[in-house]
1. With L112, L82, L54 as the choices, which residue is buried (at least 16 other Cβ atoms within 10 Å of the Cβ) and at pLDDT 95 or above?
2. In the stretch 349-407, what residues are charged (D, E, K, R) and modelled with pLDDT of 80 or more?
3. Of D96, D77, D70, which residue is among the acidic types (D, E) and surrounded by fewer than 18 Cβ atoms within 10 Å (Cβ to Cβ)?
4. Determine the pairs where a residue that is in contact (Cβ under 8 Å) with a residue 60 or more places away in the chain and part of a helix (DSSP H, G or I), located within the stretch 42-60, has a partner that is surrounded by fewer than 18 Cβ atoms within 10 Å (Cβ to Cβ) and of a type in the set (V, I, T) with Cβ atoms under 8 Å apart, the partner being 6 or more residues away or on another chain.
5. Please give the number of the condition T379 fails out of (1) within 13 Å of G241 (Cβ to Cβ); (2) assigned to a loop (DSSP other than H, G, I, E, B).
6. Take P17 and decide whether it is farther than 17 Å from I123 by Cβ and either crowded, with 23+ Cβ neighbours inside 10 Å or in contact (Cβ under 8 Å) with a residue 40 or more places away in the chain (or both).
7. Sort out which residues of the stretch 24-54 are in contact with a helix residue (DSSP H, G or I) (Cβ under 7 Å, 6 or more places away or on another chain) and within 20 Å of F84 (Cα to Cα), and write them in order of number.
8. Among (1) in a helix (DSSP H, G or I); (2) surrounded by 18 or more Cβ atoms within 10 Å (Cβ to Cβ); (3) out of contact with any strand residue (DSSP E or B) (no Cβ under 7 Å at 6 or more places or on another chain), where does R106 come up short?
Amino acid sequence: MKQMQGLDAAFVAMEQPVAPVHIGSTSIYDPSTAPGGFVRYKDILSFIQDRLHLSETMRQKMVKVPFGIDYPYWVEDINFDLEFHVRHVALPKPGDWRQLCIQAARIFARPLDLSRPPWEITIVEGLDNVEGIPKGSYAMITKVHHAAIDGASGVDMMKAMHTLTAATEPPATKDEWRPESDPSQLGMFMRGYVRSLSNPLRQMRAFAKSAPGMAKAAGRMLSGEIEVGALLKAPKTRFNGTVSPHRMFDARTFAIEDVNKIRALSEGSKLNDVMLSVVGGAMRLYMESKRELPEETVTAMAPISVRTEGERNTMGNQVAAMFVPLGSHIADAAERMKFVHEETGKAKGLTDTMGARDMAEMAKLSSAPMMNIGSMLYTRLKIADRIKPFINTVVTNVPGPPVPIYSAGAQLVAHYGMLCLVDGTRLGHVVQSYMGKITLSFTADRNAVPDPDFYAECIQKSYDAHVRAAAKLAAPEGKAKAKAKPKAKAAAASKAKAEQRPDPKLH
């Protein structure tokens, strides 16, 4: 039995029937690579059964403390039943991409059974009309409660459920798992009551760890070295407000080679800068079509993993956050790219100053009762509809393997991330890399994005605009202009410096 940490417990407190707090993915597999050229449901069950011990997440359930006076616990589930967690459905004909997206959104909208290990896999057959996917392929729609994993530990879980070859032999490591009986409710209550007495001391320790970084950041803010304008200037949009029970999902896929060419639009930029700029352009196009484009730029929260090597394949969340304006107020893709790159630099400056690890420690400052009461009031009073938002969306980047991987012998051919939505944030994006491709997928509240296929088109149009801008820059005339700009800037700087020198005639 192991107790949750602050951020994990916060995700449990945030859970609402209409807004389940789980993350996941929609993955598509080609069974032609498996032994015999096909994969049955029982083959998938057997493959997962043999590898359960490679992931700490799979057989642990959460047990809440009576009256919510303390953080919940993780317990090895004595009644674990694999077939409850792995389901099997098929799309009706024609079995196309839009049907798969609708099925994925419908499954993702349903809460997990939190009396069992908080994860599910739904195998979906009948994908023969999904463009670019081999005939006979099937999908696996996976969802796991956010209290159990973050993006980095989710990658570790994915590794546990996949192999580097099509071979399906069980792993050499021995399964030494031992189930546990549920702890006594009275015992947990008493333990929680005693811990509540020491809460102030634990909060002081957590505050002491984060205080130096906070003080340093405050000093740099006052001096103007870094700024927090992104948090203060986010406009209220259709992507903010109280979340409904309905979800929408879609995705687009791009070549990493082309994404790397786009990076040339702003010297020193990263892949993440490109995708943030693409999202900013997509949100601009979408809001513009609804005649709702604000003058201010929208802002995204980008999670940052602070998980150490020793914390790999462990449950829970080890994340901090970075807040980045997406340049939705800028029409030109090249100019937006430069803006986003500059803003990510500022955001990283704030995060580095405070210390990403110390920012994660701040999640421990709130007690379990305060989390539960605060979350309940925030939802019931619909506060997200009444206040100005700090962010407008989430954009999380989860790197995947550059080589093919397999599950039950079937090769993974496409992988799309899915995000939970909470009151205040009704649109989330996941950037996922795999085998030379980048997928940009989104999960949205139906009230915010009733036309997901159109928003997916906005993503594609925004990306295409970045590709054209990069091609224009790479052309001979574009290169000449790019070289001329630094010279012009240097000349202007030299002139300004000369103007600042004292005139010798006056002395």
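The values are calculated or read from the model by the stated rules, or taken from the named source; none is laboratory data. Fair warning: this is a prediction, and the values are worked out from it, not measured in the lab. Cβ: placed from backbone, ideal geometry, glycine included. Neighbour counts: every protein chain shown.
1. One residue alone meets the criteria, L112.
2. Selection gives R380, K382, D385, R386, K388.
3. D96
4. Close Cβ pairs satisfying both conditions: H53/T173; L54/T173.
5. The number of the failed condition is (2).
6. yes
7. Result: G24, T26, V39, L45, I48, Q49, R51, L54.
8. The single condition R106 does not satisfy is (2).
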